[in-house]
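Novice: My structure is below; once you've seen it, I'll send some questions.
Here, each number is a calculation from the coordinates, and none is a lab measurement. Computed from a prediction, not measured in an experiment: that's the story for all the values here. Backbone-built Cβ (ideal geometry, glycine too); neighbour counts: all protein chains shown.
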């Protein structure tokens, strides 16, 4: 098992955002985490990534059977967890290419961040950018400064493809994308699965799941798991709304 | 003339209250005021180790020394100093009355890369330089404005003219030690069809006021100005980038990035003014400052004034923010520790203008 979340309860300041959540993501599979807005999906992603302010009250998170709760965010990233954010921030001054080189150097154990350790990274970055329909100039631009919504999503995917993490968490990678954009995202998710990575796909629509049939589906509402199933659960939600998830859970 | 400037200096007030009508002063004039009684320096600073790999062609210190080469004529005195600068404030008048060492540069043809260094001293040092880039010339001029640590003061003025169809880079590195005070002013007139790229990097001292004024006079003249700056802990930097579109079809792009660190202060501001004569001109100014540290203070103040009835484009934007938890989380999620994330951001901001790369400098070694 790549990633296991066991009985996880989390609060942010005084608000409990996750209540006893358990799920697991296996290598070579896509696990969709669905739920309406405010159901705790992004909180789950942030907690797995170790974001400051997300306090684990009880439960555990295991990567390859080992707890990662004691690790800082960057240590979790270097162990092989990658989070593609729903709305990544703009970073004035930091060029996209520099960020990719720095992230790549860290994975190669290089202390120097901005000098290219592995020249193939640059070639791969350019090739992936072309494949994802990102202009070559974007690699020289500051991270997410003036990026369109689509460019942000695609640049998050580019990093996921380049850094080759064990676990890829994609937080609503389809929001704000047109049909072609969604197809491209789906193509990459399928590729991650084929490469044997564990994919946690967070979404509140099933439209992306028409292009990537998930192996497992977990539904969160109000910070709790209310239903589990396969792809059929996602399509039932698409047809009848989240009310069906509670009935499904009771069944 | 010196006597006239001295009288002006005595009569003009410091702007204790405000630099702008919006009742805010970004330069701490008191630091300058306290140092105006300093004598002229008797020694000049050595070239700092970060710049030791650069061989300057013109060296301004206690006096001026220079080497000439093809395409470059150097004279030991500026020609018609202060002819393009209005003496309307106390520090400008002080400089006009007090500077001692200077030079005039004339550049023509393909003159390559030219390095001019202005070195401060243990007390007051004033330098004045005039520059003429002849029509059709191409190359880069790098002004290195450095000041050692201590209770000192330097004024450094550059007046430049870029003639028709020249294509040049005019760049400024201001590296002022933390205890120093510096008032640096550059004013550049850009004529018909000339193209200027300007890269600047300012790391200020106890009080550094650095102002670059670009007057894009000629028809179809173009300016691209990129700026980087950092306000270190215990220092104050007021970096001003002003542009004036005067010529029809003139084009201006000004973009700056700055970081205020720890207890540092940085204001990055500029006015982009499109004059009435500038038909179909375009002007864009974009300034962003981030603050790293609870006690850091930063300002990004771009102003766009359009007096022409027909402009091709006019944009201004500003961004100012504390380095938020989300920035650090994002970089951490890519595998960088907090310290590495902060270094990457600062290095990126200082590298934004491109000058550090052109001078082969590690931006972080300048802090």
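Novice: Tell me, in nm to one decimal, what length is gained between residue B:326 and residue B:65 on full extension, where the rule is 0.36 nm per residue of separation less the Cα-Cα distance?
Specialist: 88.8 nm
Novice: How large are Rg and Dmax for the protein assembly as shown when only the alpha carbon atoms are used, in Å?
Specialist: Gyration radius and largest Cα-Cα distance of the protein assembly as shown: 28.6, 96 Å.
Novice: Still on this structure, please answer the following. For the range A:99-165 and the range B:96-117, what is the separation of their C-alpha centers, rounded to whole Å?
Specialist: A separation of 42 Å, based on Cα centres.
Novice: Would you kindly state how much longer the chain becomes between residue A:69 and residue A:194 on full extension, computed as 0.36 nm times their sequence separation minus their alpha carbon distance, in nm to one decimal?
Specialist: 42.2 nm
Novice: Indicate the gyration tensor shape class of the range A:1-94 (rounded, prolate or oblate), computed on the Cα atoms with a ≥ b ≥ c the square roots of the eigenvalues: a/c under 1.5 is rounded; otherwise a/b larger than b/c is prolate and the rest oblate.
Specialist: Verdict is rounded for the range A:1-94.
Novice: Quickly work out the residue B:14-to-residue B:358 label distance, labels modelled 7 Å from Cα along the C-beta direction, and quote it in nm with one decimal.
Specialist: So the label points at residue B:358 and residue B:14 sit 3.4 nm apart.
Novice: Once you have a ≥ b ≥ c as the square roots of the Cα gyration tensor eigenvalues for the range B:2-366, tell me rounded if a/c is under 1.5, and otherwise prolate or oblate according to whether a/b is larger than b/c.
Specialist: It is rounded, given that a/c, with a ≥ b ≥ c, falls under 1.5.
Novice: Shifting gears a bit: What is the order of B:361, A:170, fewest Cβ neighbours within 10 Å to most?
Specialist: Ordered by Cβ neighbours within 10 Å, fewest first: B:361, A:170.
Novice: Further question: Which of rounded, prolate or oblate describes the range B:84-138 when judged by the alpha-carbon gyration tensor and an a/c cut-off of 1.5?
Specialist: Taking the square roots of the gyration eigenvalues as a ≥ b ≥ c, the range B:84-138 is oblate.
Novice: Helix A:231-240 versus the longest principal axis of chain A: what is the Cα-based angle in degrees, 0 to 90, to the nearest 10?
Specialist: Between helix and principal axis, roughly 70 degrees.
Novice: Relative to the longest principal axis of chain A, what angle (0 to 90°, nearest 10) does the C-alpha long axis of helix A:120-131 take?
Specialist: 60 degrees
Novice: Using Cα pairs under 8 angstrom and six or more residues apart, how large is the relative contact order of chain B, in percent?
Specialist: RCO, chain B: 11 percent.
Novice: Let me confirm one metric for peptide B:343-349, namely the mean number of other chain beta-carbon atoms within 10 Å of its residues' beta-carbons.
Specialist: 6
Novice: While we're here: What angle, in degrees between 0 and 90 and rounded to the nearest 10, separates the Cα long axis of helix A:96-107 from the longest principal axis of the Cα atoms of chain A?
Specialist: The helix A:96-107 is inclined about 80 degrees to chain A.
Novice: If you restrict to DSSP beta bridges whose two residues both lie in the range B:2-366, what percentage is antiparallel, to the nearest 5?
Specialist: The antiparallel proportion sits near 5 percent.
Novice: Right, next: Treat the count of other C-beta atoms within 10 Å as a stand-in for reagent exposure and order B:329, B:188 from fewest to most.
Specialist: Listing B:329, B:188 from fewest to most nearby Cβ atoms yields B:329, B:188.
Novice: Please check: in the Gaussian network model of chain B (C-alpha springs, under 10 Å), which one of B:123, B:181, B:324 has the largest mean-square fluctuation.
Specialist: Result for chain B, Cα springs under 10 Å: B:324 fluctuates most.
Novice: I need to check one value: relative contact order of chain A, counting alpha carbon pairs closer than 8 Å and at least 6 residues apart, in percent.
Specialist: It rounds to 28 percent for chain A.
Novice: When you look at the Cβ of every residue in A:74-86, what mean number of other chain Cβ atoms sits within 10 Å?
Specialist: What the average comes to for A:74-86 is 3.
Novice: Just to be sure I understand: of the beta bridges DSSP finds with both ends in the protein assembly as shown, what percent are antiparallel, rounded to 5?
Specialist: Close to 20 percent.
Novice: Could you tell me the center-to-center distance, by alpha carbons, between the range B:139-206 and the range A:42-83 in angstrom?
Specialist: 48 Å
Novice: Using a Gaussian network model of chain B whose springs link C-alpha atoms within less than 10 Å, name the residue from B:199, B:59, B:69 with the highest mean-square fluctuation.
Specialist: Maximum among the listed residues: B:69.
Novice: For the range A:1-39 and the range B:245-280, compute the distance between their C-alpha centroids and round to whole Å.
Specialist: The range A:1-39 and the range B:245-280 have Cα centres spaced 48 Å from each other.
Novice: Mind pulling the per residue volume of the convex hull built on the Cα atoms of chain A? Å³ is fine.
Specialist: So the per-residue Cα hull volume is 125 Å³.
Novice: In a GNM of chain A with a 10 Å cut-off on Cα contacts, which of A:75, A:224, A:151 has the highest mean-square fluctuation?
Specialist: A:75
Novice: Using the 2.2 N^0.38 Å rule of thumb for compact globular proteins, work out how the range A:188-251 stacks up: its C-alpha Rg over that value, please.
Specialist: That ratio works out to 1.13.
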